[in-house]
Amino acid sequence: MKAKLDQIRQQVQEQIESCESTEKLNEIRVGILGKKGQLTELLKSMKDYAPEERPKVGQMVNEARAEIEKLLEEQKLRMEHAIREAKMKSEVIDVTLPASKSELGHRHPNTIALEEVERIFIGMGYEVVEGPEVEKDYYNFEALNIPADHPAKDEQDTFYVTGDILLRTQTSGVQVHEMEKGKLPIRMIAPGRVFRSDEVDATHSPCFHQIEGLVIDKNITFADLKGTLAEFAKELFGENTKVKFRPHHFPFTEPSAEMDVTCFKCGGSGCRFCKGSGWIEILGCGMVHPHVLEMSGVDPEKYTGFAFGVGLERIALLKYEIDDMRLLYENDIRFLRQF
């Protein structure tokens, strides 16, 4: 037994001295001290010895185990120390060198424009409301006075999910959801993504952003609409900005209008930016149609209101004098850094 133990000690010492990794060291530990290790097998063979010899044999095996465990632990500590030393040498930091510069990103032009619009209307007492991008046909068309056979429905190439479910073509449906809640009066804007089957070019995209505005209260008139939007234009484009309203037609408003603002590039004298007219079309608006109020549970005899819709990309293009809408989505860092 003593000869076997000496042989195992010699073998383990050689293996430990040639060991190059902690993983290999652990394999040596298992091979000697594990459930099926060499020392464990020797302990199992004690039944073959006479009863008076077993204590001496057990003592010799335990002494060998303690010695081997000590060798393993010492080698493990040496390895960990060597690894730590190598890591410290490889991670030396020269504190006299200048620090590396962190480059921070910034907001997208669309986000800048949206936050500016929200700031203006929140200052007027409006609430920012969101609605679903996947919408029912009823909220996107029918509740806005656009029935199935209405010609206006053909003007909007719509992405349908099913016969009754679609990707919204306008954020106007959010105003219907708000009116159905029955909490009056309402002063809200609803920014969000909308989807139309348009060809991508300098002024069109199948996915863009719209901001819908709605006011419902007693004694709201077209004068309130004009005053609100005139103030909005001045806040957005400058104090000297003037507005004009041209008659138009929208199914969900009556009367309806399109609003132009004086060209902020030439001040209204005419330039390439405004195509020589001195005016730039900015949004559509009008008084909420009584039928729309009625369908949404609002009594048109007691309440009136106005609505308007403006394209967020259009604001960004005009405010930052961008010629091509595609630049907003191509993520060219040279373009985005200008904002």
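The table that follows gives values for the structure above.
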quantity: Selection count, region 201-216, where residues are more than 17 Å from residue 122 (Cα to Cα) and either charged (D, E, K, R) or not assigned by TED's automatic domain parsing to the domain that holds residue 143 (or both); calculated: 1
quantity: Residue count for region 78-106, restricted to those that are of a type in the set (D, E, K, R) and assigned to a helix (DSSP H, G or I); calculated: 6
quantity: Residue match in region 172-180 (condition: of a type in the set (Val, Ile, Thr) and under 25 Å from residue 294 (Cα atoms)); calculated: yes
quantity: Only listed residue being part of a strand (DSSP E or B) and within 27 Å of the chain's Cα centre (by Cα), chosen from 191, 247; calculated: 191
quantity: Test: residue in region 78-93 that is farther than 30 Å from residue 319 by Cβ, among the hydroxyl-bearing types (Ser, Thr, Tyr) and modelled with pLDDT of 80 or more; calculated: yes
quantity: Residues of region 201-223 that turn out to be surrounded by 15 or more Cβ atoms within 10 Å (Cβ to Cβ), assigned to a helix (DSSP H, G or I) and out of contact with any Gly (no Cβ under 9 Å at 6 or more places or on another chain), as a count; calculated: 0
quantity: Qualifying residue in region 280-289 (condition: in a strand (DSSP E or B), within 24 Å of residue 118 (Cα to Cα) and in contact with a Cys (Cβ under 7 Å, 6 or more places away or on another chain)); calculated: yes
quantity: Set 218, 244, 226, 234: member being among the charged types (D, E, K, R), more than 18 Å from residue 135 (Cβ to Cβ) and in contact with a Lys or Arg (Cβ under 8 Å, 6 or more places away or on another chain); calculated: 218
quantity: Filtered residue count, region 92-140, keeping only those that are under 19 Å from the mean Cα position of the chain (by Cα) and over 30 Å from residue 231 (Cα atoms); calculated: 3
quantity: Number of the condition not met by residue 16 [criteria: (1) at pLDDT 75 or above; (2) closer than 28 Å to residue 84 by Cβ]; calculated: (1)
quantity: All positions within region 319-335 that are surrounded by 15 or more Cβ atoms within 10 Å (Cβ to Cβ) and either outside the structural domain of residue 274 (by TED's automatic domain parsing) or assigned to a loop (DSSP other than H, G, I, E, B) (or both); calculated: 322
quantity: Residue selected from region 260-291 under the condition touching a residue at least 40 places away in the same chain (Cβ under 8 Å) and among the aliphatic types (A, V, I, L, M), by the criterion surrounded by the fewest Cβ atoms within 10 Å (Cβ to Cβ); calculated: 287
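Table: residues versus (1) within 21 Å of residue 110 (Cα to Cα); (2) outside the structural domain of residue 283 (by TED's automatic domain parsing); (3) β-branched (Val, Ile, Thr).
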{"site": "169", "(1), (2), (3)": "yes, no, yes"}
{"site": "179", "(1), (2), (3)": "no, no, no"}
{"site": "182", "(1), (2), (3)": "no, no, no"}
{"site": "191", "(1), (2), (3)": "yes, no, no"}
{"site": "199", "(1), (2), (3)": "yes, no, no"}
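Condition check ((1) among the charged types (D, E, K, R); (2) under 30 Å from residue 168 (Cα atoms)) across all residues:
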{"residue": "66", "(1), (2)": "no, no"}
{"residue": "70", "(1), (2)": "yes, no"}
{"residue": "84", "(1), (2)": "yes, no"}
{"residue": "88", "(1), (2)": "no, no"}
{"residue": "127", "(1), (2)": "yes, yes"}
{"residue": "131", "(1), (2)": "no, yes"}
{"residue": "142", "(1), (2)": "yes, yes"}
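The values are calculated or read from the model by the stated rules, or taken from the named source; none is laboratory data. Note that this is a predicted model, so its numbers are computed, not measured. Positions of Cβ are generated from backbone atoms using ideal geometry, with glycine treated the same way; all protein chains shown enter the neighbour counts.
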